[in-house]
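Bear in mind that the values in this text are calculations on the coordinates, not laboratory data. These numbers come from a predicted model, not from an experiment. Here the Cβ positions follow ideal geometry from the backbone for every residue, glycine too, while neighbour counts run over all protein chains shown.
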Amino acid sequence: MRSLSGQSAEMKYLIWDFSETMGYREGGGWSTVLLEILRRETPDCRVTTEQIKPFLQEGFPWHQPERPHPELSTPDAWWDNLDPIFARAFMMGGGLNGSTAHRLARMVRQVCPERSAWRLYDDTLRVLAHLSTDGWIHIALTNHIPELPAIFDYLGLSPHFAALFNSAQTGYEKPHPQAFGKVLAWMSEPKAIWMIGDNYTADILGAEAQGIPGILVRKTDPRACYCCADLSGVVGVVSQRTGQIHI
């Protein structure tokens, strides 16, 4: 993460979500990870992501963002908490017996963070660099896996960011007020703040509840005041309007 030395007293901050905003895991989400493991173990596997996906719709920390989880703020605790969910998905969606399902569930922790599977959108680094030259300070606020800092390093994001607030470390999932509260407490005399993300509820509503205007990216929603098809649109929004905070 980059240093803030030499910055002026009144700073301008952009808070960024990561997944599906700046980057993504190639091939898809959790059901894809489980299917990758199945195919590595049994190359002739005929299971599909559609068979696995229904069993991954609950149980993750972000499925209950109203509940803080400081007890899961270490990588071991975080992944151990999810093992039963993965095992159930392997059994119910993949048709595996219990012992095999639990063995493969333990592999998710190794496969999901594999750096070579993670990608940035083509506009991410260019837009971050452009906004930095205009005086904006970048902060990441995301609901993600414990290994995200290493993924940031691999993707070349770390030099652009002054701080990374990841729910796997903080114990708070967006849109919980404390997810944003920790970021606001870290800031130094903010002059302007915006939140940028792809999830209307977690990113935009969560930010607005704390007096921070939000920009919905890579999708549209009639409830959002600002929507951009890509990150290039963010430049226009923040350059024309000052993100006022009302804390």
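Brief remarks on what is shown
- Sites matching trypsin sites (Lys or Arg not before Pro) across the range 154-247 that sit in DSSP coil, with at most 11 neighbouring C-beta atoms within 10 Å: Arg223
- Using alpha-carbon coordinates, inclination of helix 75-92 to the longest axis of the chain, degrees: 50
- Look at Asp198, Asp134 and count the other Cβ atoms within 10 Å of each Cβ; fewest to most, that gives Asp134, Asp198.
- Total charge dipole magnitude, the chain, about the Cα centre, Cβ charges on Lys, Arg, Asp, Glu only, Debye to nearest 20: 120
- For His138, the amide hydrogen comes within under 5 Å of the amide hydrogens of Leu14, Ala162, counting only partners 5 or more places away or on other chains and with H modelled in the peptide plane.
- Part-to-part distance (alpha-carbon centres) for the range 169-247 and the range 42-56, which is given in Å: 35
- ³J(HN,Hα), Karplus 6.51/-1.76/1.60, whole Hz, each residue of the range 59-72, x for Gly, Pro: x, 6, x, 6, 6, 10, x, 6, 9, x, 9, x, 5, 10
- Those GluC sites (Glu not before Pro) in the range 48-136 that DSSP places in a loop and that have at most 16 other beta carbons within 10 Å: Glu58, Glu66, Glu114
- Helix axis angle, 30-41 relative to the chain longest principal axis, alpha carbon, degrees: 40
- Ranked for footprinting exposure by Cβ neighbours inside 10 Å, fewest first, Thr21, Thr142 give Thr21, Thr142.
- Cβ-based charge dipole, the chain, positive-most Cα from Leu128, Gln57, Ala117: Ala117
- Per-residue extension of 0.36 nm, minus the Cα-Cα distance of Asn81 and Lys182, leaves a gain of 34.0 nm for this segment.
- Percent RCO, i.e. relative contact order, over the chain, from Cα pairs under 8 Å lying at least 6 residues apart: 26
- Evaluating kT/(6 pi eta Rh) at 4 °C and 1.567 mPa s, with the Kirkwood radius of the range 131-224 over Cα pairs in the Stokes-Einstein relation, gives 93 µm² s⁻¹.
- Scanning residues 5 or more positions from Ile196 or on other chains, those with amide H under 5 Å from its amide H are Ile15, Trp16, Asp17, Ile215, with H placed 1.01 Å from N in the peptide plane.
- The HN-Hα couplings worked out from phi for the range 47-57 by the Karplus form 6.51 cos²θ - 1.76 cosθ + 1.60 (θ = phi - 60°) are 5, 10, 4, 5, 7, 8, 3, x, 9, 10, 8 Hz, whole numbers, x standing for Gly and Pro.
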